[in-house]
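Before any comments, here is the structure.
FYI, it's all coordinate maths here, none of it is from the lab. Since the model is a prediction, treat every value here as computed from it, not as a measurement. Quick reminder, even Gly has a Cβ in these numbers, built from the backbone with ideal geometry, and neighbours come from all protein chains shown.
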Amino acid sequence: MKLGFVGAGRVGATSAFTCLLNLDVDEIALVDIAEDLAVGEAMDLTHAAAGVDKYPKIVGGSDYSLLEGSDVIVVTAGLARKPGMTRLDLATKNAGIIKDVAKNIMENSPESKIIVVTNPMDVMTYIMWKETGKPRNEVFGMGNMLDSSRLKATLFSQGARNIRKAWIVGEHGDSMFILWSQADFDGDVDRSKTLEEVRFVAAEVIKRKGATIYGPAVAIYRMVNAVVSDTKEEIPTSVILQGEYGIEDVAVGVPAIIGSNGVEKVIEYELTGKELNALKNSASILKERLKELGY
Ligand code: NAI
């Protein structure tokens, strides 16, 4: 089994490390415009693997041919927002990068499933899907899985136990919301405060350490595992909707079954009116953003 990573920065390298430790990987390829960084990360990962008596082939560089034959490719290539940069500036720059990455993946490893992480993630997932021309089950995005990990941690801190299901869905951004109608855990929590706490907690991490890294890495690993181990588990995933929940032609986070074919099914829950409106609101915000970028 081979995993590809485009972007060997903080999240790319740490998710490669998490997958390396937790999965039976034969090969890992890291591609980054910063060639030395990708080579150095590949060497460091090789040494980490040997420490637990694993000897997969791990390569790094700036040449996309390294990705050839990857089962899954995780895309974290892109820029983070810098002071003075608007949301649209960032989206425009990262859209250019994603277009380039899409072309290179199709030239070198067209069969791979692609998990998009680069922000604004839902928008980048749609652009990746459009630019690769791949079926929607093969191109999807990670964001709500991380939001939901934060939700679970917050619920636990409020006294919830045996958390069987707790999803955040919608845009991976300001309009995300908690799918309370499907939440399943023991104990009582103050629902009115929970979403704000989840948002606050993510911003606190960024304020203190400059980026979120381990949380995204584990969420990425969970999605990679679902594909390569064909777990067919339910994961909130940014999927290009084609009529589900009355929404079309936009990528937005919904609960989905993830397995060896990628997105195997979008789960259409019976939502409350408020939840359905929130999902439609996220979809229309994301469509506006895509329009700003010419999609
Ligand atoms: P980073 O700056 O550490 O890594 C990004 C890497 O992309 C750098 O190594 C850079 O050289 C590379 N890169 C830039 N342009 C490239 C190109 N044209 N081709 C190949 N590589 C290129 O950033 P970090 O912290 O790893 O975050 C990566 C992205 O993931 C950001 O957009 C961030 O906002 C996003 N993110 C998304 C999350 C989610 O839940 N969806 C969670 C955390 C981060």
Convex hull volume per residue in cubic angstrom - Cα atoms of the range 157-201:
80
Among Gly69, Gly246, Gly96, residue whose mean-square fluctuation peaks in a GNM of the chain (springs only between Cα atoms under 10 Å):
Gly246
When the Cα centres of the range 194-234 and the range 236-290 are compared, how far apart do they sit, in Å?
19
Would you mind getting the Kirkwood hydrodynamic radius of the range 73-143 from its Cα pairs, rounded to one decimal in Å?
12.1
Can you check what the net charge comes to around Asn261, using other residues whose Cβ is under 9 Å from the Cβ of Asn261 (Lys, Arg +1; Asp, Glu -1)?
-2
Pairs Lys93/Lys291; Lys2/Lys152; Lys152/Lys193; Lys82/Lys207; Lys165/Lys280; Lys2/Lys113: which are spaced more than 20 Å apart, C-alpha to C-alpha?
Lys2/Lys152; Lys165/Lys280
Most fluctuating residue of Leu20, Leu30, Leu88 in a GNM of the chain with Cα springs under 10 Å: which is it?
Leu88
Suppose we keep just the alpha-carbon trace of the range 144-295; what are its Rg and Dmax in angstrom?
15.5, 47
Using the Cα gyration tensor of the range 1-122, with a ≥ b ≥ c the square roots of its eigenvalues, what is the shape: rounded (a/c below 1.5), prolate (a/b larger than b/c) or oblate (neither)?
prolate
Ordering of 188-198, 276-286, 163-173 by burial proxy (mean other Cβ atoms within 10 Å per residue, highest first):
163-173, 276-286, 188-198
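If you take the Cα atoms of the chain, find Rg, then find the Kirkwood Rh from the mean of 1/r over all pairs, what is Rg/Rh?
Working: Rg = 18.3 Å, Rh = 19.2 Å.
Reported Rg/Rh (Cα atoms, Kirkwood Rh): 0.95.
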Between the range 1-31 and the range 124-179, how many Å separate their Cα centres?
21
